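The values are calculated or read from the model by the stated rules, or taken from the named source; none is laboratory data. Given the structure is predicted, the values throughout are model-derived calculations rather than measurements. Because the Cβ atoms are built from the backbone with ideal geometry, glycine has one as well, and the counts that use them run over all protein chains shown.
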Amino acid sequence: MPKLVRFSKGFSLLELMVVLVIISLTLSVALPSYQSMIGRFAITTLANNLLAAVSFARSEAIKSGAVVSLYGSSGAVTNTLGSGYCVIFGLGVPGNCAAAIQVFSVSDSNLTADIFDPLGQVQNTLQFDDLGGLSGTGGATRTIDICRTGFAGRQIQISLIGRGRIVTTGLCP
């Protein structure tokens, strides 16, 4: 008489434990790398979006033949653009985006973004004249510094003719 062979259904406890150890080791290696990637992408995204907003404000100034401003939607003295920003005809009042041509939001609250003059003083607005050049700067350029603690920052350098370019800066404090 043939012997009945009994097949087990499912997994043994030992097999499940081995799989859990493999998964936990994989996650412990991959998670820090993933978080670092997300931080770098957030900085790069904000830098690209701000550069697009600068180009948009400049083109609107040229198109309309009037002064167009870009400033923070919060009206804050520091982190002027970190919680959102808008483009508006005329000089406007920083923090008041009611009559804005376009309002931009920032999705990562860990980012800071400030406008600086060449002396390192925080400014609350960028203005472009009817030719697309920087206006109201006393002949000085502007930079926008974008940071997130522990990551390499980005800086948007805006020339007197209103053109911007992004450069990578050192580690943010």
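Can you find a residue in the stretch 84-94 that is of a type outside the set (Val, Ile, Thr), crowded, with 21+ Cβ neighbours inside 10 Å, at pLDDT below 90 and under 24 Å from residue 151 (Cα atoms)?
No, because not a single residue in the stretch 84-94 is of a type outside the set (Val, Ile, Thr), crowded, with 21+ Cβ neighbours inside 10 Å, at pLDDT below 90 and under 24 Å from residue 151 (Cα atoms).
Select from the stretch 152-171 the residues that are crowded, with 18+ Cβ neighbours inside 10 Å and not in a strand (DSSP E or B) and list them in ascending order.
The one that is crowded, with 18+ Cβ neighbours inside 10 Å and not in a strand (DSSP E or B): 162.
Residue pairs, Cβ under 9 Å, 6 or more apart or interchain, first in the stretch 90-106 and among the β-branched types (Val, Ile, Thr), second assigned to a loop (DSSP other than H, G, I, E, B). List them.
As it stands, the answer is 93/75; 103/73; 103/84; 103/97; 106/81; 106/82; 106/83; 106/84, since those pairs meet every condition given.
Looking only at the stretch 96-132, count every residue that is over 18 Å from residue 157 (Cα atoms) and among the acidic types (Asp, Glu) and tell me the total.
Qualifying residue count, the stretch 96-132: 2.
In the stretch 130-148, which residues are aliphatic (A, V, I, L, M), outside any strand (DSSP E or B) and in contact with a Gly (Cβ under 9 Å, 6 or more places away or on another chain)?
131
Looking at the stretch 139-157, is at least one residue on the phi > 0 side of the Ramachandran plot, touching a Leu at 6+ places or on another chain (Cβ under 8 Å) and without any contact (Cβ under 8 Å) to a residue 40 or more places away in the chain?
Yes.
Return the residues of the stretch 50-85 that are outside any loop (DSSP other than H, G, I, E, B), in contact (Cβ under 8 Å) with a residue 12 or more places away in the chain and out of contact with any Gly (no Cβ under 9 Å at 6 or more places or on another chain); say none if nothing qualifies.
Correct list: 53, 56, 60, 64, 70.
Go through 64, 59 for me and flag whichever is out of contact with any Pro (no Cβ under 8 Å at 6 or more places or on another chain), among the hydroxyl-bearing types (Ser, Thr, Tyr), under 18 Å from residue 158 (Cβ atoms) and at pLDDT 90 or above.
59
In the list 28, 36, which residue meets the criterion of being assigned to a helix (DSSP H, G or I), among the small types (Gly, Ala, Ser) and loosely packed, with under 10 Cβ neighbours inside 10 Å?
Answer to the check: 28.
So if I check each of 12, 64, which one is surrounded by 11 or more Cβ atoms within 10 Å (Cβ to Cβ) and of a type in the set (Gly, Ala, Ser)?
Of the residues listed, the single one that is surrounded by 11 or more Cβ atoms within 10 Å (Cβ to Cβ) and of a type in the set (Gly, Ala, Ser) is 64.
Would you tally the residues in the stretch 102-116 being surrounded by fewer than 16 Cβ atoms within 10 Å (Cβ to Cβ) and in contact with a Cys (Cβ under 8 Å, 6 or more places away or on another chain)?
Selection size over the stretch 102-116: 2.
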